[in-house]
Structures are given as C-alpha cells and as structure tokens.
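Each remark here refers to the structure printed beneath this line.
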Amino acid sequence: MASLISCPHCGARPKEEFSIRGDAGLVRPAPNAGAEAWFDYVYLRDNPRGRHSEYWHHSSGCRRWLIVERDTVTHAVHGVRDAALSKLGGEPA
Amino acid sequence: MRYSALSIFLNGLRGNKGWAPAWRDPAPKPHYDVIIVGGGGHGLATAYYLAKEFGVTNVAVLEKGYLGSGNIGRNTTIIRSNYLLPGNNPFYELSMKLWEGLEQDFNFNAMVSQRGVLNLFHSDAQRDAYTRRGNAMRLHGVDAELLDRQAVRRKLPFLDFDNARFPIMGGLFQPRGGTVRHDAVAWGYARGADSRGVDIITQCEVTGIRRENGEVIGVETSKGFIGCGKLALAAAGNSTVVADMAGLRLPIESHVLQAFVSEGLKPFIDTVVTFGAGHFYASQSDKGGLVFGGDIDGYNSYAQRGNLASVEHVAEAGLALIPSLSRVRYLRSWGGVMDMSMDGSPIIDRTHIDNLYLNTGWCYGGFKATPASGFCYAHLIARNAPHQTARAFRLDRFARGYPIDEKGVGAQPNLH
C-alpha cells in the first residue's frame, strides 16, 4: 500500500505514525435501539473488496482522527479528511 | 496409483516416466449433489472426507485459480492444539490426531514433523497465563509441558535470554505440535478426493449464486451454470464476497498476513518457537530456510501481498529474539488474505438458507485446522448436524452472546 498518508494537518507522513480503528461507515445505534441493531453494529461488516473508508488516528502526529478512503485491493489511498471536521460539515483547509 | 517404496524404485529404474497426474482435470457436469466453493486446504479436505467417510461422491470443488493459490500455499506450516477454551481445545486436538495419521490415511507424503511448538513467556503474568493454558490442555488430554528458563536455554541456546524489555523466563511446550509441508496437504487431499470420484475444477470462478424459491439451486461460474443440491462455501480470503452473492452479511473482515523465508542455513532451530510479546515466530524448513512471520498488517485488505513496514517490524522482533539473525538474508516474502472473524474463532455452520453451508473465519490459524475443519464440515453437509467437536462454531453465536474469544480482546478483528 501507499507508504504515505496525507494528513490534512501535517502533510504526507509515513503510515507507521497512524493507528487504525477500522470501518468508518458504521453508525453507532441509539442505546435503546434493540439487540438486533447492536449485533449488526458490533459484529457485522460490509468488508468491501474495493473502496473502503476507515478511521485512522494520527497517533504519532497531530493526534487527530482521520477518515481515510482506501482501496482494499490496490491499496491506493483516494482521500484523507479530518473525521470531526467533516462530520461538522466543514472540510479542513 | 498407490505410492510406495516399490513404486518409487521401479519408476526410478524406468526414468521416472511412469508417473501419472495425481488428479484429473474434468469438465464440469451439469449437476452435483454438493458443490464446494474454494479449492484450498479446507475445501479439498471437506471433499475428501465427504467421499471417504460419508459416502458422498457426486461432489465438485470449484477453484478460481490453481490448487494451492490461496492460503494453503501461503502459510508458515505450523500445527498445534495448544488452545485454552472448551469450544476450541477438543476441535484442534481432533485436528492434531488427524494430522498424526494423515499420510497413512491418504497415501501421500505431507512431511508431518512433530518437532514441538514452544511459546515463550517473559513476565510472571504471562507465566501464570501459560500455566493455566497448559493445565487446561492436560485436562483435555492434550500434551503440554511448562519449561523454565534453564530448560529453554538447553533447547534454544541462541535466544537473547537477557533482553532488556522481554527477558525470557520460560515457555509452554507442546511436543506433539510441529510443521507439515503445506502444498503437499492440498495435493494429498486433492488426489484422495479425486480418486474417490470428486471433480476438482480449477480456473473456475464462482460469479453468482442462483436461487429459486429462496433455495440455492446452483452457481454461475466462469465455465457456465452448474447446478447443485447443496452449496458449501470454503472460500477463505473471499468469504464476504462469495456470501454476498447469496445476500449473506458476515461477521468477517479480510486482512493480509505476511510471512517470510530466509536463505538456506545449516540445522539451527529444531522446533517452532513463538515470541508472542514481540509478534514473531519461527521454525526451520527441511530445506534449511527459516520460516517466520508476525502479526497481520492491521487494515482491511484483499491483496495477496503486504508492505515493507511489516517486513521491517517482523525483522526487528526476530532480531530482538535471535540476535544472530542479523546476518541472515530474506529469500522471499508472501501475503495471504485472512478471514478475520469478530471473536477470533471459526464458523462452521448451516446458514438460514436451507442448502447453503458456511466455513469461514479461520483468522490466521486455518492451516493447523485443515483436517478437522474438513472432517467436521463434511459431517455437517452430509448429516445436516454439526460434528460434536465443532458445535461451538455457530454463525449465530455472536447474536446469542456465546463468542469464543480465545485472546480476550473483544470484537476487534485486527487484534485477534
């Protein structure tokens, strides 16, 4: 895979600076959503062959949570954005 | 043709021109009783035991590449049954017993070598955990010995015993563990299944699962439609993709695991040694190369290759354990795609679709399970009831609250 991840805050950094949390597409259900919704969230995965968005933490850098869009077959990185900022609706500068 | 010392001798006299192919290359029939998707170790073992033990011979194994192109040809060949939990332990011990009789059973030299597996420990807490594991193994009738520092030093004097961070205090040893020639396992099972009438169809990719009134009636493949009574998935690395064709969503993530072989060396390590604290394990092949690996790369991947960062990480861990490795050259590396399940344990079960069966989630421990996985899966397919040692490997165990979390890290597949 690409050895560099372009952190929107720090620039291109070696991917060893990051820790990976996994699928960024999962939406945490409400506490009372029921067993089935929670089973789905905790255990089931789309696990796509192709484009996949996932949480990467720049743990040895700016310590921001990022959403990395990556191809699981070619390992190409298609985009990196700040997780919190993009959830607030604004893209980082 | 049965292989024997005499057949080798006679063929040698005749210039080795008398050998026939070990299995046929048949065209697919329009319909089979059972179709197995995936011609890897588990798929071939399933076909073999279906034919041999359960009398189901109208079987096809469909493989998208060539035999041995998946994880059966991409692993570090280790076999062991040093498991703690009641759901796992008897199953892996069944596998170990099948390994012990495998070559006589399928008349093929798989080079089963019970050279022992040694798990090192480096702290009081780790020693206590291994003591508990060893006791659990012995209670289940599995061999286990707790070795102290001196005993490990006698066995493997070249380890770095006074490593500042992970001083070696001892190890849990399973003498019956060891290694097996992985490709020969695939070839032996393929030959055994083929000789009992199973059609092994390679270069045949499954592209769709056809259903009628909810039931599976066959598969679309790159060689056309093939009908079946029962469809058994054993497509490690691609389980999500294949199950998706039947609308089945799985508790699986695909991750890549790398392994390495060094240049050939004189006899050096006569056992399998694992350094869990540093993510490294090694053994020496019969050709002399050190075979070693570490952890999965940690992010979802369908690529049968890894990256240099893991190469470096494994090399560092290896050097920390065996300083003399600093002068050893890597010969080659490879990566296999693992079906990482959410609790680190496998799934052998029927699905909610009546004639669709599932075998997946072996994480990076599928090779040692090959015989028992095939045997129990064949039992399930033939009798529609789980084999008693695989009863815990249900697909619905996550929803019911019975995960088999051997490592105790929760629903986090990249940590198992």
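Computed values, structure above
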{"quantity": "Scan of segment B:325-352 for residues that are under 17 Å from the mean Cα position of the chain (by Cα) and not in a loop (DSSP other than H, G, I, E, B), ordered by number", "calculated": "B:Trp334, B:Gly335, B:Gly336, B:Val337, B:Met338, B:Asp339, B:Met340, B:Ser341, B:Ile347, B:Ile348"}
{"quantity": "A:Arg13 within 13 Å of the chain's Cα centre (by Cα) and crowded, with 16+ Cβ neighbours inside 10 Å", "calculated": "no"}
{"quantity": "Considering residues of segment A:47-63 that are more than 20 Å from A:Cys10 (Cβ to Cβ) and among the basic types (Lys, Arg) only, the residue surrounded by the fewest Cβ atoms within 10 Å (Cβ to Cβ)", "calculated": "A:Arg51"}
{"quantity": "Segment B:208-254, residues that are in contact with a Ser or Thr (Cβ under 6 Å, 6 or more places away or on another chain), within 14 Å of chain A (Cβ to nearest Cβ) and in a strand (DSSP E or B)", "calculated": "B:Ile252"}
{"quantity": "Unique residue being surrounded by 16 or more Cβ atoms within 10 Å (Cβ to Cβ), more than 11 Å from chain B (Cβ to nearest Cβ) and more than 11 Å from the chain's Cα centre (by Cα) when the list is A:Leu85, A:Leu44, A:Leu66", "calculated": "A:Leu85"}
{"quantity": "All helices (runs of 4 or more DSSP H) inside segment B:42-155 with 2 or more residues being crowded, with 21+ Cβ neighbours inside 10 Å and at pLDDT 95 or above", "calculated": "B:89-106, B:124-139"}
{"quantity": "Subset of segment B:89-145 [β-branched (Val, Ile, Thr) and either over 27 Å from B:Met169 (Cβ atoms) or free of Cβ contacts under 8 Å to residues at least 12 places away in the same chain (or both)]", "calculated": "B:Val112"}
{"quantity": "Flag for B:Ser301 being within 11 Å of chain A (Cβ to nearest Cβ) and either polar (S, T, N, Q) or in contact (Cβ under 8 Å) with a residue 40 or more places away in the chain (or both)", "calculated": "yes"}
{"quantity": "Residue satisfying all of: in segment A:1-15; hydrophobic (A, V, I, L, M, F, W, C) and closer than 26 Å to B:Gln304 by Cβ; nearest to the other protein chains (Cβ to nearest Cβ) among these", "calculated": "A:Met1"}
{"quantity": "Among residues of segment A:26-41, those that are within 11 Å of chain B (Cβ to nearest Cβ) and either on the phi > 0 side of the Ramachandran plot or loosely packed, with under 15 Cβ neighbours inside 10 Å (or both), counted", "calculated": "3"}
{"quantity": "Residue in segment A:16-25 that is nearest to the other protein chains (Cβ to nearest Cβ), counting only those that are part of a loop (DSSP other than H, G, I, E, B) and surrounded by 15 or more Cβ atoms within 10 Å (Cβ to Cβ)", "calculated": "A:Phe18"}
{"quantity": "Which numbered condition B:Asp405 misses (of (1) over 15 Å from A:Tyr43 (Cα atoms); (2) part of a loop (DSSP other than H, G, I, E, B))", "calculated": "(1)"}
{"quantity": "Sole residue being within 30 Å of B:Gly116 (Cβ to Cβ), touching a helix residue (DSSP H, G or I) at 6+ places or on another chain (Cβ under 7 Å) and of a type in the set (A, V, I, L, M), chosen from B:Ile72, B:Ile78", "calculated": "B:Ile72"}
{"quantity": "Search result, residues across segment B:353-375 that are in contact (Cβ under 8 Å) with a residue 60 or more places away in the chain and in a loop (DSSP other than H, G, I, E, B)", "calculated": "B:Ile353, B:Asp354, B:Asn355, B:Gly361, B:Trp362, B:Tyr364, B:Gly366, B:Phe367, B:Lys368, B:Ala369"}
{"quantity": "Total residues in segment B:376-402, condition in a helix (DSSP H, G or I) and within 14 Å of chain A (Cβ to nearest Cβ)", "calculated": "4"}
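The values are calculated or read from the model by the stated rules, or taken from the named source; none is laboratory data. In this text the structure is predicted, and so the values were computed from the model without any measurement. Using ideal geometry, Cβ is built from the backbone for each residue, glycine included, and neighbour counts are taken over all protein chains shown.
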